[in-house]
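Below: one structure, written as structure tokens.
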Amino acid sequence: MSAIRGARERARTEVTAAIKEEARRQLAEQGAAKLSLRAVARELGMVSSALYRYFPSRDDLLTALIVDAYDAIGAAAEAAAAEAAGGAPLERWTAVCRAVRGWALAHPHEYALIYGSPVPGYAAPRDTVVPASRVGLTLLGVARDAHAAGALRVPDPAALPEGVLGDARRLARTLEAEDLPEAAFAGFVAAWAQLFGLISFELFGQFTNVVDAREDFFAHAAAGLAHTAGL
């Protein structure tokens, strides 16, 4: 009986992977807004009612693709941080930034799904929150380690607006990172947001005829972001 159950589970895993792979192909060709379960089923030679047993709705399939993308870019960031472990904070920060950019350039349509325009009619469920946090938490780990080693510049709290400090207190509690001074969060969040702004500008064409030396520019910019974060 366990052998039969195992075979069924393997078959379900294989079909699920095939569905997601075809959905990614359609994302690349038509964009997320035009993703259709019926079209995916047709390309796979399935009846749509059979596909609904795997993904009850388009939004369920989109959520699975979004979680996969966040997990993949997060895994790339974490692997880079682990490989640079023991290095200087700046080295670790830039290694993570390069890994995030590298994944985005290698998977532009999946990057666009998670950091591009919102999909009309789709609201991401809480299932996406933890995967979406992986890159930010990896960079936050670099900042926390730097602070523990006395290598993090912390701005004067008096120089920051009270609203910014309020957000910092909330983030510190939410992320269980109260070992990091709240004043340091403002620079960190700015650097995290600007990282994805840089990558999006490159990926979506805003650097065309503006930045030709993309690798050199990104390396310079990533070091600047580290400075913004206090490293």
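The values are calculated or read from the model by the stated rules, or taken from the named source; none is laboratory data. All values derive from a computational prediction rather than experimental measurement. Quick reminder, even Gly has a Cβ in these numbers, built from the backbone with ideal geometry, and neighbours come from all protein chains shown. For the accessible areas, the whole protein counts, side chains as well, though only heavy atoms, and no ligand, DNA or RNA atoms are used. Shrake-Rupley method; radii C 1.70, N 1.55, O 1.52, S 1.80 Å.
Within segment 148-171, residues that are touching a residue at least 40 places away in the same chain (Cβ under 8 Å) reach partners that are in a loop (DSSP other than H, G, I, E, B) with beta carbons closer than 6 Å, at six or more positions or on different chains, in the pairs LEU152/GLY230; ARG153/GLY230; VAL154/PRO181. Of all residues in segment 160-177, at least one satisfies being of a type in the set (A, V, I, L, M), surrounded by 12 or more Cβ atoms within 10 Å (Cβ to Cβ), modelled with pLDDT under 90 and touching a Lys or Arg at 6+ places or on another chain (Cβ under 8 Å). In segment 123-146, the residue that is modelled with the lowest pLDDT out of those that are surrounded by 15 or more Cβ atoms within 10 Å (Cβ to Cβ) and over 12 Å from the mean Cα position of the chain (by Cα) is ALA124.
For ILE66, the criteria (1) open to solvent by 20 Å² or more (accessible area, probe 1.4 Å); (2) at pLDDT 95 or above hold in every case but one, which is (1). Among residues of segment 95-114 that are in contact (Cβ under 8 Å) with a residue 12 or more places away in the chain and closer than 12 Å to ALA79 by Cα, those with a Cβ under 6 angstrom from a residue that is open to solvent by less than 20 Å² (accessible area, probe 1.4 Å) and outside any helix (DSSP H, G or I), sequence gap 6+ or separate chain, pair up as ALA95/ALA84.
Going through segment 209-222 one residue at a time, which ones are open to solvent by less than 80 Å² (accessible area, probe 1.4 Å) and assigned to a loop (DSSP other than H, G, I, E, B)? Step through it out loud before you land on a result.
Initial filter on segment 209-222 (open to solvent by less than 80 Å² (accessible area, probe 1.4 Å)): 211, 213-214, 217-219, 221-222.
Those that are open to solvent by less than 80 Å² (accessible area, probe 1.4 Å) and assigned to a loop (DSSP other than H, G, I, E, B): VAL211, ALA213.
The one condition from (1) surrounded by 12 or more Cβ atoms within 10 Å (Cβ to Cβ); (2) closer than 26 Å to THR94 by Cα that GLY150 does not meet is (1).
Name the residue, out of GLU9, GLU22, GLU14, that is among the acidic types (Asp, Glu) and surrounded by 14 or more Cβ atoms within 10 Å (Cβ to Cβ). Break it down into steps so the answer makes sense when it comes.
Working: GLU9 fails: surrounded by 14 or more Cβ atoms within 10 Å (Cβ to Cβ); GLU14 fails: surrounded by 14 or more Cβ atoms within 10 Å (Cβ to Cβ).
Just one listed residue meets the conditions, GLU22.
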